[in-house]
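The values are calculated or read from the model by the stated rules, or taken from the named source; none is laboratory data. Predicted model, so just to flag it, every value in this text is computed and none were measured. Backbone-built Cβ (ideal geometry, glycine too); neighbour counts: all protein chains shown. In case anyone asks, the SASA skips ligands and DNA or RNA and just uses the protein heavy atoms, side chains included. Shrake-Rupley method; radii C 1.70, N 1.55, O 1.52, S 1.80 Å.
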Amino acid sequence: MPVIHVNGIQLHYEEAGEGEPVVMIQGTGAGRTVWQLHQVPALTAVGFRVITLDNRGIPPTSGWTEGFTLQDMVGDVAGLIEHLGIGPCRVVGTSLGAFVTQELVLARPDLVRQAVLIATRGRTDVLRAAITRAEIELYDSEVELPVRYAAVVRALKSLSPRTLDDGAAMADWLDLFELSPAGGPGHRAQMELSTLDDRLEAYRGIRVPCQVIAFADDLITPPHLAREVADAIPGAAYELIEGCGHYGYLEDPTAVNKAMVEFLTGTAAH
């Protein structure tokens, strides 16, 4: 796996496929491998070169010792694009990765040809702020929750009722969550970045073509907040996918990949 020194850190990334480049950015505590089950195969199959990265603070990428900001993460992606000489390119981000993407589009439009913003928002409401602060307080308390309990809470927060009511699917999800490694030493800093300032007015200045994909049952970034982002960005496309929670790109990858590929290839119906 290649590694580059960029923006003061050692950033690890991986490439797959050939063709026009797409950079993919994961959310809080997650690594590049999450994309590889469904999204990377779908994009390489239609002729894209896909670059996935481990965000600042997620091993093996460094950059966690002093904490960091959203702009640090934006600089990391900008540095990667410049290092590879692929700008302007397509960029896809989910959750925190979508926050990074929309800020990159605003700060460095010269580096982005199109952007897909999955499970995003442009501000933090009272409930989402409370959830984030509670999770940070739990993290800082150093209380170690039973693994099974933590898996159940994660499922309730991240999946749709459709999945939660599917016994066979839930058995698999709970096993997966129990086996999933901790997010890494930068997870705590990334949690802080979830309390996004109100950026909707700033996003009215975005001129890069954007697509917002929201999930109907998302508790972490609910669709009405994602819709605000689409409404703020001039000309942004908006896709609402039913029967999915925050992990909709894993719950219904077929629907997500179809929407994303049609936007990126210009084949979406108008």
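Once the piece of chain linking Thr267 and Ala107 is laid out straight, how much longer is it, given 0.36 nm per residue of separation minus the C-alpha distance between them? Each step should come with its number before you reach the end.
On the way: separation 160, 0.36 × 160 = 57.60 nm, distance 2.77 nm.
Value of the extension gain: 54.8 nm.
Note down the magnitude of the dipole of region 28-117 about its Cα centre, charges +1 on Lys and Arg C-beta and -1 on Asp and Glu C-beta and zero elsewhere, to the nearest 20 debye.
Numbers: 6 positive and 7 negative charges, 71 e Å.
Approximately 340 debye in magnitude.
Excluding ligands and nucleic acids, what accessible area in Å² is computed for Ser141 using a 1.4 Å probe, to the nearest 10?
The value for Ser141 is about 60 Å².
Mind checking which of Ala129, Ala168, Ala98 has the largest fluctuation in a GNM of the chain, springs on alpha carbons under 10 Å?
Comparing Ala129, Ala168, Ala98 in the GNM, the peak value goes to Ala168.
Apply the Karplus parameterisation 6.51 cos²θ - 1.76 cosθ + 1.60, with θ equal to phi minus 60°, to every residue of region 5-15 and state each ³J(HN,Hα) to the nearest whole Hz, in sequence, with x for glycine and proline.
Along region 5-15, the couplings run 8, 8, 6, x, 10, 9, 9, 9, 9, 9, 10 Hz.
What would the Debye formula give as log10 I(q)/I(0) at q = 0.11 Å⁻¹ for the alpha-carbon point model of the chain, no solvent?
For the chain, the Cα-only Debye profile gives -0.57.
If you put +1 on each Lys and Arg Cβ and -1 on each Asp and Glu Cβ, how big is the dipole of region 119-164 around its Cα centre, in Debye rounded to 20?
Rounded to the nearest 20 debye, it is 420 debye.
If we count GluC sites (Glu not before Pro) as exposed when they sit in a DSSP loop and have at most 16 other beta carbons within 10 Å, what is the longest stretch of the chain that avoids them all?
Segment 145-241 is the longest.
For Asp166 and Thr69 in one chain, what is 0.36 nm times their gap in residues minus the Cα-Cα distance, to one decimal in nm?
Values: separation 97, 0.36 × 97 = 34.92 nm, distance 3.86 nm.
Taking 0.36 nm per residue and subtracting the Cα distance, the gain is 31.1 nm.
Using a 10 angstrom cutoff on alpha carbons, build the Gaussian network for the chain and name the most mobile of Cys89, Cys244, Cys210.
Comparing Cys89, Cys244, Cys210 in a Gaussian network model of the chain, the most mobile one is Cys89.
Got a sec? Charge dipole of region 173-214, +1 on Cβ for Lys and Arg, -1 for Asp and Glu; which of Phe177, Pro209, Met191 is way out at the positive end?
Ranked along the dipole, the leading option is Pro209.
Nothing charged except the Cβ atoms of Lys and Arg (+1) and of Asp and Glu (-1): what's the magnitude of the dipole of the chain about its Cα centre? Round to the nearest 20 debye.
500 debye
At 0.36 nm per residue, and after removing the present C-alpha to C-alpha distance, how many nm does the segment from Ala134 to Glu20 gain when stretched out fully?
36.9 nm
Determine the relative contact order of region 149-270: mean sequence separation of Cα pairs under 8 Å and six or more apart, normalised by residue count, in whole percent.
27 percent
With springs only between Cα atoms under 10 Å apart, run a GNM on the chain and tell me which of Ala150, Ala237, Ala214 wobbles the most.
Top of the fluctuation ranking is Ala150.
Considering the options Leu164, Pro2, Leu127, tell which one lies farthest towards the positive end of the dipole of the chain, charges being +1 on Lys and Arg and -1 on Asp and Glu at the Cβ, about the Cα centre.
The residue sitting most towards the positive pole is Pro2.
Give, as a single signed number, the net charge of other residues whose beta carbon lies under 13 Å from the beta carbon of Pro161, with Lys and Arg counted +1 and Asp and Glu -1. Present the calculation step by step, with values, prior to reporting the outcome.
Numbers: positive: Lys157, Arg162; negative: Asp165, Asp166, Asp217, Asp218, Glu242, Glu251.
Summing Lys and Arg as +1 and Asp and Glu as -1 gives -4.
Normalised by the residues of region 89-233, what does the relative contact order come to in percent, with Cα pairs under 8 Å and at least six apart?
37 percent
Compute, for Arg162, the solvent-accessible surface of its heavy atoms (probe 1.4 Å) with the complete set of protein chains present, and express it in square angstrom to the nearest 10.
120 Å²
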